[in-house]
1. Enumerate the helices (runs of 4 or more DSSP H) found wholly within the stretch 10-126, keeping only those where 1 or more residues are open to solvent by 90 Å² or more (accessible area, probe 1.4 Å) and in contact with a Ser or Thr (Cβ under 8 Å, 6 or more places away or on another chain).
2. Keeping to the stretch 191-201, report how many residues are surrounded by 15 or more Cβ atoms within 10 Å (Cβ to Cβ) and either touching a helix residue (DSSP H, G or I) at 6+ places or on another chain (Cβ under 7 Å) or assigned to a helix (DSSP H, G or I) (or both).
3. Against the condition open to solvent by less than 90 Å² (accessible area, probe 1.4 Å) and of a type in the set (K, R), how does R142 come out, does it pass?
4. If only one of L147, L129 is under 23 Å from the mean Cα position of the chain (by Cα), buried (at least 18 other Cβ atoms within 10 Å of the Cβ), in a loop (DSSP other than H, G, I, E, B) and of a type in the set (A, V, I, L, M, F, W, C), which one is it?
5. Answer with yes or no whether Q175 is of a type in the set (S, T, N, Q), open to solvent by 90 Å² or more (accessible area, probe 1.4 Å) and either assigned to a helix (DSSP H, G or I) or without any contact (Cβ under 8 Å) to a residue 40 or more places away in the chain (or both).
6. From G170, G141, which residue is touching a strand residue (DSSP E or B) at 6+ places or on another chain (Cβ under 7 Å) and of a type outside the set (S, T, N, Q)?
Amino acid sequence: LFRQRASIPDDGEFPRMQPKLERYGFPSSLYSEQDLGLTLDEGRVRAINLAMEGQSSEVSINYRVPWDQHIAGRRGQLDLVFSQAVLEHVVDVRETQFRLAELIKPGGIVSHAIDFRSHCLTPEWDGHLQYPERLWRIVKGRRPYLLNRCSPTQQLDALESAGFEVMWQGRIYAQPSRSSARLPIPFRNWSPDDHRTAALTVIARRKGSPNET
């Protein structure tokens, strides 16, 4: 796709893809021909393929789980962290953001897509909010995690508290299945905007000078 300078798939190919973009052409403004020449160098591509196959290579690909037990010695080393439908599951959102802030270089970027829907636990997209905490513990059962049921505002507050500056956010909205008055506390106190948010994509920058150590 990069060699062909292919366009980004649009609504014609993936009509449910979010967030929507202003332009779907190949992002030439991000990738100069010089950059692409280095990126697509045959030797580099061959090294990546060898690493993906588990063979000896100058490129390293690692899979580390649980991630928070493999971060010793990597403080401030990462340029980018992205997650896709992850942060709605973590048990402690604030602690997770602080741990990520330890890994990211000052000036580094995080990109998170957060899904606030019920993940098919209920017929309604927001039906998981109807359960008071005591019943939710029964729904969760012995699972180590399920859904943390944090609001979009709580997710953003945790991000900013950890030292990230939100650069862009985009929300996908849906009609709530029940009024706020019919929900248990604390969901009853969510803002109208949070109640309508089915998904959130946020891009943030870790505060501080890029030269900071």
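1. Working: elements: 33-39, 42-52, 93-103.
Where helices (runs of 4 or more DSSP H) fall fully within the stretch 10-126 and carry at least 1 residues being open to solvent by 90 Å² or more (accessible area, probe 1.4 Å) and in contact with a Ser or Thr (Cβ under 8 Å, 6 or more places away or on another chain), they are 93-103.
2. Number satisfying all stated conditions: 5.
3. no
4. Details: L129 fails: in a loop (DSSP other than H, G, I, E, B).
The unique qualifying residue is L147.
5. Yes.
6. G170
The values are calculated or read from the model by the stated rules, or taken from the named source; none is laboratory data. This one's a predicted model, so the numbers in the text were calculated from it and none came from an experiment. Note that we place each Cβ from the backbone using ideal geometry, even for glycine, and neighbour counts take in every protein chain shown. Ligands, DNA and RNA are excluded from the accessible area calculation, which covers all protein heavy atoms including side chains. Shrake-Rupley method; radii C 1.70, N 1.55, O 1.52, S 1.80 Å.
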